[in-house]
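Quick notes on the structure that follows.
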Amino acid sequence: MLNTMNEEKITRAYLETLSFSDLSNLADEYGVEVPENLNRNFLIAELLELAEDASGTAENMIIASEEESGEIVDLPQNYNETQISCILRNPIWGFVFWNISDADSLQIKDEETSLLLRICSFNSKDELKPVEVLEVQASTTSQEQYILLPTEKKYIRVELLLARYATQSVLAFSPLIEIPQGPKYVDEWQPGKEFDFSQIMKLSNVEDILLNQYKKHRNSFIG
């Protein structure tokens, strides 16, 4: 049983500050077997559930204080690095999110500077130079936004740029992302553009389906 002197009530917020190793040790203390491939979030949920079963509320589950255990618990710190990532929502839209270091933040506070997102397109993952580049203004209210992806491109990389006067510098760039490829008419379709659909495709109402898709998921974000 854990030492009850200088005890501290356990909460989800506290568990989130612990490393996986510390969580495993706490689970061992309460007799919970932890598989090697157990997800961190599931382990936290298991500990909270154990507390509820034992005392009716997770707030009453206690742990030894840092002073009692002799172990120093390091709270997670911001790595203070400028980073950017992109996740595909679908083959047309990407969700971009980034983090900016303290040093770079000082530069951005200058009224003459701004942040841009540069979408670099590649036809193969071995290409060093992009075949197409598109720049959009980065959000000033949050460090995340959706971007419209270029069509007929197999790979993209998103760069975070610091623009000042007539110069630009790359603060960070995402890993290369492969875009799933679908039928050409799905990627290129828009009102007024004609495709040579087979009779069976026309009977399946494909043109109305594409029009509805365009209005709801692509054109709604344009303009």
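The values are calculated or read from the model by the stated rules, or taken from the named source; none is laboratory data. This is a predicted model, so every value here is computed, not measured. Note: ideal-geometry Cβ built from the backbone for every residue, glycine included; neighbour counts use all protein chains shown. For the accessible areas, the whole protein counts, side chains as well, though only heavy atoms, and no ligand, DNA or RNA atoms are used. Shrake-Rupley method; radii C 1.70, N 1.55, O 1.52, S 1.80 Å.
Is it the case, given these coordinates, that VAL158 is surrounded by 14 or more Cβ atoms within 10 Å (Cβ to Cβ), at pLDDT below 85 and of a type in the set (A, V, I, L, M, F, W, C)? Steps first, answer last, please.
Working: surrounded by 14 or more Cβ atoms within 10 Å (Cβ to Cβ): yes; at pLDDT below 85: no; of a type in the set (A, V, I, L, M, F, W, C): yes.
Considered against the rule, which asks whether it is surrounded by 14 or more Cβ atoms within 10 Å (Cβ to Cβ), at pLDDT below 85 and of a type in the set (A, V, I, L, M, F, W, C), VAL158 comes out as no.
Filter region 99-133 for residues that are in contact (Cβ under 8 Å) with a residue 40 or more places away in the chain, more than 16 Å from SER174 (Cα to Cα) and of a type outside the set (A, V, I, L, M) and give the result.
ASP104, GLN107, ASP110, GLU112, THR113, SER114, listed by residue number.
For region 172-223, which positions are assigned to a loop (DSSP other than H, G, I, E, B), at pLDDT below 75 and under 23 Å from PHE97 (Cα atoms)?
Scanning region 172-223 gives ARG218, ILE222, GLY223.
If you go through region 136-154 one residue at a time, how many are more than 10 Å from PHE97 (Cβ to Cβ), among the acidic types (Asp, Glu) and touching a Phe, Trp or Tyr at 6+ places or on another chain (Cβ under 6 Å)?
0
For a quick check of your reading: which helices (runs of 4 or more DSSP H) sit entirely within region 1-92 and have at least 1 residues that are at pLDDT below 65, surrounded by 12 or more Cβ atoms within 10 Å (Cβ to Cβ) and of a type in the set (D, E, K, R)? Outline the logic, then answer.
Details: elements: 12-16, 20-29, 40-55, 66-69.
Counting at least 1 such residues, we get 66-69.
Would you point out the residue of region 139-150, among those that are assigned to a loop (DSSP other than H, G, I, E, B) and in contact (Cβ under 8 Å) with a residue 40 or more places away in the chain, that is most open to solvent (accessible area, probe 1.4 Å)? Let's see the steps before the verdict.
Filtering region 139-150 down to residues assigned to a loop (DSSP other than H, G, I, E, B) leaves 139-143, 149-150.
Then keep just the ones that are in contact (Cβ under 8 Å) with a residue 40 or more places away in the chain; that gives 143, 149.
Working: GLN143: 81, LEU149: 5 Å².
Among them, the one singled out is GLN143.
Give the number of residues within region 101-124 that are in contact with a strand residue (DSSP E or B) (Cβ under 9 Å, 6 or more places away or on another chain) and either farther than 20 Å from LEU176 by Cα or in a strand (DSSP E or B) (or both). Step through it out loud before you land on a result.
Going residue by residue through region 101-124, those that are in contact with a strand residue (DSSP E or B) (Cβ under 9 Å, 6 or more places away or on another chain) are 101, 104, 107-108, 110, 112-124.
If we keep only those that are either farther than 20 Å from LEU176 by Cα or in a strand (DSSP E or B) (or both) too, we end up with 101, 104, 107-108, 110, 112-122.
Matching residues across region 101-124 total 16.
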